[in-house]
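Here, each number is a calculation from the coordinates, and none is a lab measurement. Just so it is clear, the structure is predicted and the values come from calculations on it, not from any experiment. In this analysis, Cβ positions are derived from the backbone assuming ideal geometry, glycine residues included, and neighbour counts consider all displayed protein chains.
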Amino acid sequence: MFKSDQGSDPDSTAQILFMMREIYGEKDAVWIKGIKLFEKFLDEVAADAERGYYIAPNGEKRENDIYHLTHLLLSSLVDSKRRIEAGYNLNDVRVNKIVHAILKSQRKDGGWRPFWTPDSDPTYTVLTLKLLVWLGVINSEELRREIISKMI
């Protein structure tokens with residue numbers, strides 16, 4: 001469950017982990033094993049965020065993109081709030097580093113791009129905005145007004 005052929009899979013780990021915590025509690029063996037991996041993954045992404053790049057599985061140095069920066073906190077829309085409610089919020093220094101990198105990686109058109117496209121992606125832009133609202137980085141009412149003003 002926590003390993004793939006290439007090693008640990010952060011996305012699957014996070015999705016399974018926070019669901020297991022909600023269902024079985026923090027004494028569950030899956031939670032206890034998984035939270036250690038999640039912590040390790042979060043440390044790595046925070047270091048990548050601070051450094052400005054990450055090393056892809058093929059060894060290639062890549063500029064941080066929105067997928068890499070958000071996959072642990074937002075790999076699934078449903079699980080994101082579980083993670084934030086579990087304390088992975090702005091009070092966590094690592095989350096702060098990641099949020100800073102997210103804001104720095106916003107493109108001139110206002111959007112964000114995942115690694116597989118050179119352009120901003122509407123879906124990842126919306127998911128990123130949701131994450132920033134949930135974390136309290138931006139106010140949802142101010143965001144709503146901004147979006148409406150651009151539509152008029």
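Tabulated results
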item: Length released on extending from K40 to T117, taking residue separation times 0.36 nm less the Cα-Cα span; result: 25.0 nm
item: Part-to-part distance (alpha-carbon centres) for segment 130-147 and segment 26-67, which is given in Å; result: 25 Å
item: Simple label model, 7 Å out from Cα along Cβ direction - E50 to Q15, nm; result: 3.0 nm
item: Sequence ranges 112-124, 88-100, ranked by mean other-Cβ count within 10 angstrom, highest first; result: 88-100, 112-124
item: Note, ³J(HN,Hα) from phi for segment 136-150, Karplus 6.51, -1.76, 1.60, rounded to Hz, x at Gly and Pro; result: x, 6, 10, 8, 5, 5, 5, 5, 4, 4, 4, 5, 4, 5, 6
item: Estimated translational D of the chain in µm²/s (Stokes, Kirkwood radius over Cα pairs; 20 °C; 1.002 mPa s); result: 132 µm²/s
item: Exposed-loop-free span, longest in the chain, where GluC sites (Glu not before Pro) count as exposed if DSSP calls them loop and at most 14 other C-beta atoms lie within 10 Å; result: 61-152
item: Estimated dipole of the chain in Debye, rounded to 20 [Cβ of Lys and Arg +1, of Asp and Glu -1, Cα centre]; result: 200 debye
item: Nitroxide proxy distance, nm - points 7 Å out along Cα→Cβ at K27 and S140; result: 3.5 nm
